[in-house]
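The values are calculated or read from the model by the stated rules, or taken from the named source; none is laboratory data. All figures in this text were calculated on a predicted structure; none of them were measured in a lab. Cβ sites come from the backbone with ideal geometry, for glycine too, and all protein chains shown count toward neighbours.
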Amino acid sequence: MTDVLPPKGLPVVRTPAALRDRVRAWQREGKRVALVPTMGALHAGHLALVTRGLAQADVAVASIFVNPKQFGPNEDLERYPRDEAGDALKLARVGCRLLYAPDVATMYPPGFASFVRVAGLPDLLCGRVRPGHFDGVATVVAKLLSAAQADVAVFGEKDWQQLAIIRRMAADLDIGTTIVGCAIVRDADGLALSSRNAYLSADERARALALPQALLATREAIMAGMPVAAALAAGERRLKGAGFGHVDYFELADGETLHSLGAPAPGARLLAAAMMGTTRLIDNIAL
Ligand code: PAF
């Protein structure tokens, strides 16, 4: 497929070879390149990834690919919001220089048979309720990193488990791209930005605020000396009280290994995932 220019001129490439050519050309000029992988439906959180990339590199390249391999059979692949032209405008405005937007047949042509699986980490937290999800993420991210061969790649800390898995994979596979985490961007009231917030009704959006509030209250309680198990149970009750349905987890875990912690420790992270109506929301904060 050939390159096309969407409105306002952000160039789009649709094949790994075209992406690599562009990135190599910049690198030959002595420029460092940052890759920002996304699934589109871009909000301020994604645009912060581009800005973070530009703090570490001279050129930012974003990718948009709604990766079917990371969606379970009953998940929202079909209704996942898609707006490539709108996304391209947003990316251009924050200084992104190139969009890589391959189609499914390019990423997974007939006969595609490889999977990247990081052992252990994908079985915890979100992985318990989304079997196979992180294998799909690791596979597509390995492909994107390998195609781009950028100097850095930026991922949001909202998907803390995803970031931990990608760091592990990049280290294990000697991928020469430095993985950079970017702090969560929140709405003024504290709700973490997510493309899936668009699914929330006004009432659900108001109730969803209990998620960051419960994490903050739990951190305060733990820092004030409350036993971790009791503080986590209180946090979970707070979510239920606010109208959340099933709470997939509300845990204190090591930020790198993601193993559950029964007591505060350096690098610990409070992480939660819960259903608001039919929308699954995740969030996390440092202890
Ligand atoms: O975080 C996301 O948007 C996706 O999981 C990613 C990293 C782009 C892989 O599809």
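Consider residue 71 carefully, then state whether it is surrounded by fewer than 21 Cβ atoms within 10 Å (Cβ to Cβ), within 13 Å of the ligand (Cβ to nearest atom) and at pLDDT 95 or above. When the stated conditions are applied, residue 71 passes them.
Between residues in the range 272-287 that are on the phi > 0 side of the Ramachandran plot and residues that are among the small types (Gly, Ala, Ser), which pairs lie under 9 Å by C-beta distance while being six or more apart or on different chains? Listed pairs, sorted by first residue: 277/201; 277/243; 277/245.
Of everything in the range 237-257, what is out of contact with any strand residue (DSSP E or B) (no Cβ under 8 Å at 6 or more places or on another chain) and in contact (Cβ under 8 Å) with a residue 60 or more places away in the chain? Give them in sequence order. Before the answer, list the steps.
First, the residues of the range 237-257 that are out of contact with any strand residue (DSSP E or B) (no Cβ under 8 Å at 6 or more places or on another chain): 237-238, 241-242, 256-257.
Hits for the range 237-257 are 256, 257.
Whenever a residue of the range 46-69 is more than 14 Å from residue 180 (Cα to Cα) and acidic (Asp, Glu), its partners that are within 16 Å of the ligand (Cβ to nearest atom) and at pLDDT 95 or above, lying with C-beta atoms within less than 9 angstrom and at least six residues away or across chains, give the pairs 58/34.
Is it the case that residue 271 is in contact with an Asp or Glu (Cβ under 6 Å, 6 or more places away or on another chain) and part of a helix (DSSP H, G or I)? Answer is no for this residue. Of all the residues that make up the range 141-179, how many are under 19 Å from residue 115 (Cα atoms) and among the charged types (D, E, K, R)? Within the range 141-179, residues that are under 19 Å from residue 115 (Cα atoms) and among the charged types (D, E, K, R) number 5. Every condition in (1) closer than 27 Å to residue 191 by Cβ; (2) surrounded by 14 or more Cβ atoms within 10 Å (Cβ to Cβ); (3) of a type outside the set (Ser, Thr, Tyr); (4) within 16 Å of the ligand (Cβ to nearest atom) is met by residue 89 except one, and the failing one is (4).
Go over the candidates 129, 104 one by one and state the one that is among the β-branched types (Val, Ile, Thr) and modelled with pLDDT of 95 or more.
Numbers: 129 fails: modelled with pLDDT of 95 or more.
Going through 129, 104 in turn, just one is among the β-branched types (Val, Ile, Thr) and modelled with pLDDT of 95 or more: 104.
Here's the yes/no breakdown for (1) surrounded by fewer than 21 Cβ atoms within 10 Å (Cβ to Cβ); (2) more than 12 Å from the ligand (Cβ to nearest atom); (3) without any contact (Cβ under 8 Å) to a residue 60 or more places away in the chain:
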| site | (1), (2), (3) |
| --- | --- |
| 128 | yes, yes, no |
| 148 | no, yes, no |
| 171 | yes, yes, yes |
| 195 | yes, no, no |
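When residue 41 is tested against (1) in a loop (DSSP other than H, G, I, E, B); (2) touching a residue at least 12 places away in the same chain (Cβ under 8 Å); (3) surrounded by fewer than 17 Cβ atoms within 10 Å (Cβ to Cβ); (4) not β-branched (Val, Ile, Thr), exactly one condition is not met: (3).
Report yes if some residue within the range 158-165 is part of a loop (DSSP other than H, G, I, E, B), touching a residue at least 40 places away in the same chain (Cβ under 8 Å) and within 18 Å of the chain's Cα centre (by Cα); otherwise report no.
The initial filter retains those residues of the range 158-165 that are part of a loop (DSSP other than H, G, I, E, B), namely 158-159.
Okay, now just the ones that are also touching a residue at least 40 places away in the same chain (Cβ under 8 Å), so 158-159.
Then drop every residue that is not within 18 Å of the chain's Cα centre (by Cα), which leaves 158-159.
Yes; the residues of the range 158-165 include at least one that is part of a loop (DSSP other than H, G, I, E, B), touching a residue at least 40 places away in the same chain (Cβ under 8 Å) and within 18 Å of the chain's Cα centre (by Cα).
Is the range 94-117 home to any residue that is assigned to a helix (DSSP H, G or I), among the aliphatic types (A, V, I, L, M) and buried (at least 20 other Cβ atoms within 10 Å of the Cβ)? Within the range 94-117, not a single residue is assigned to a helix (DSSP H, G or I), among the aliphatic types (A, V, I, L, M) and buried (at least 20 other Cβ atoms within 10 Å of the Cβ). Looking only at the range 246-287, residues that are of a type in the set (A, V, I, L, M, F, W, C), within 16 Å of the chain's Cα centre (by Cα) and surrounded by fewer than 21 Cβ atoms within 10 Å (Cβ to Cβ) come to 1 in all.
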